[in-house]
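The values are calculated or read from the model by the stated rules, or taken from the named source; none is laboratory data. Given the structure is predicted, the values throughout are model-derived calculations rather than measurements. With ideal geometry, Cβ positions are generated from the backbone for all residues, glycine too; neighbour counts draw on all protein chains shown. Heads up: the accessible areas ignore ligands, DNA and RNA and are worked out on the full protein's heavy atoms, side chains in. Shrake-Rupley method; radii C 1.70, N 1.55, O 1.52, S 1.80 Å.
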Amino acid sequence: MHHFLDDLLGHAANATPPAPPLHGDPDLDLADLVEALSEDYGRPRTVVLDGEVDPTTDDRTGAPLLAVLGEQEVEVLRAWSYGKRWIGAGRAPNGSVFVVLAERVTPTDHYDPTSPEASYVERVVALTHWSTDRTHPVDWAETEAGLGTPLPADYKRLVEIFGQGAFDDDLTLHTPLPPFGWVGLAADFLTLHETSGDWPDAGHHDDLAAARAALAEAPGKLLFSWASNENGAFYWHLNDPDPDRWPVLVGGDTYDDLDLAADSTAECLHLLLTDPRAPFSLARHFDRHWFSPHAER
């Protein structure tokens, strides 16, 4: 029985690892399979090329796939990590293309291949294999005047470098770039006041002065969201006149479990990409990272 591209993609997503190779139709090209898998799982790493195993391959970088393949000869093998599975797409010497799955142990240790001498913005760029060119100019004077507050310098540099989009197709960066939709950096200031119940009293304000007035009546936290995913949001805590000193808090919809994520925007992104222990960590699910731009109009 010959399996078509959709069969192999379904196997990659739904089969329980470890799972031996599922071979595709003889006319299936490995490049097409790799492209389709990359749309869901990001940039692959090369484990085998021209029949030779990358000597740096270990449990963190795809070696469990080789254990599942055993003695089977492989000409090429690309690998993706996704949660608790390794996904491999390969080609046998006879030209047959296949998908193979292996179990992945969720990492618990911090892993950062970037230079500690670089800034956090530069390290985020390196981790996503992006360019440091600022190709998304923003009129920050107009943006900050509209919001009523200056914004952190590292955030502004990140926006100009990456533009509108999402890290690992998961964490969306809120920017003032069009199209706004639900991911725009809109004036929505959140005030949180402690209560005697389980959840704080939350107020949304489209004006910073109104938010500060609410806090003058009842002390609490003043937050502004700059990124989010389906699990929650990342906020600046506007607790200092200097925006470069705003810490980042992260939490879900009820606001009762806000955690300190980092001391700055870029440091927060860096931790998400390198530390599996970070709240909403991306490093827990992927060993390589990417940025998916959203179309600007």
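Of the residues screened, Val68 is one that is of a type in the set (Val, Ile, Thr), outside any loop (DSSP other than H, G, I, E, B), out of contact with any helix residue (DSSP H, G or I) (no Cβ under 6 Å at 6 or more places or on another chain) and farther than 30 Å from Ala211 by Cβ. For the range 228-242, a residue qualifies if it is closer than 20 Å to Asp257 by Cα and out of contact with any Cys (no Cβ under 8 Å at 6 or more places or on another chain), and the qualifying residues are Ser228, Asn229, Glu230, Asn231, Gly232, Ala233, Tyr235, Trp236, His237, Leu238, Asn239. Looking at the range 83-92 only, could you name the residues that are in a loop (DSSP other than H, G, I, E, B) and at pLDDT 95 or above? The one that is in a loop (DSSP other than H, G, I, E, B) and at pLDDT 95 or above: Ala92. If only residues of the range 41-56 that are in contact (Cβ under 8 Å) with a residue 40 or more places away in the chain and under 25 Å from the mean Cα position of the chain (by Cα) are counted, the one that is most open to solvent (accessible area, probe 1.4 Å) is Arg43. Just the residues that are assigned to a helix (DSSP H, G or I), within 24 Å of Leu49 (Cα to Cα) and open to solvent by 90 Å² or more (accessible area, probe 1.4 Å), please, taken from the range 1-36. Glu35 - this is the single residue of the range 1-36 that is assigned to a helix (DSSP H, G or I), within 24 Å of Leu49 (Cα to Cα) and open to solvent by 90 Å² or more (accessible area, probe 1.4 Å). Selection of the range 93-113 for residues being farther than 19 Å from Gly42 by Cα, part of a loop (DSSP other than H, G, I, E, B) and open to solvent by less than 30 Å² (accessible area, probe 1.4 Å) yields only Ser96. Across the range 37-54, the number of residues qualifying as out of contact with any helix residue (DSSP H, G or I) (no Cβ under 7 Å at 6 or more places or on another chain) and either at pLDDT 95 or above or outside any loop (DSSP other than H, G, I, E, B) (or both) comes to 12.
Counting the residues of the range 140-177 that are in contact (Cβ under 8 Å) with a residue 60 or more places away in the chain, among the small types (Gly, Ala, Ser) and in a helix (DSSP H, G or I) gives 1. Looking across the range 189-216, the residues that are open to solvent by 20 Å² or more (accessible area, probe 1.4 Å) and modelled with pLDDT of 90 or more come down to His205, Ala209, Ala210, Arg212, Ala213, Ala214, Leu215, Ala216.
Of the residues Leu223, Leu271, Leu238, which single one is closer than 19 Å to Glu194 by Cα and open to solvent by 10 Å² or more (accessible area, probe 1.4 Å)? Answer to the check: Leu238. Only one entry of Asp6, Asp27, Asp59 meets the criterion of being under 18 Å from Val105 (Cα atoms) and among the charged types (D, E, K, R), and that entry is Asp59.
Criterion first (open to solvent by less than 30 Å² (accessible area, probe 1.4 Å), in contact with a Lys or Arg (Cβ under 8 Å, 6 or more places away or on another chain) and not in a helix (DSSP H, G or I)) does Thr61 satisfy it?
Working: open to solvent by less than 30 Å² (accessible area, probe 1.4 Å): yes; in contact with a Lys or Arg (Cβ under 8 Å, 6 or more places away or on another chain): yes; not in a helix (DSSP H, G or I): yes.
Yes: the conditions hold for Thr61.
The residues in the range 71-80 that are modelled with pLDDT under 95 and surrounded by 22 or more Cβ atoms within 10 Å (Cβ to Cβ) can be counted, and the count is 0. Annotation for the range 89-96: at least one member residue is aliphatic (A, V, I, L, M) and under 19 Å from Glu35 (Cβ atoms). Of all the criteria given as (1) open to solvent by 50 Å² or more (accessible area, probe 1.4 Å); (2) under 22 Å from Thr172 (Cβ atoms), the one not satisfied by Leu282 is (1).
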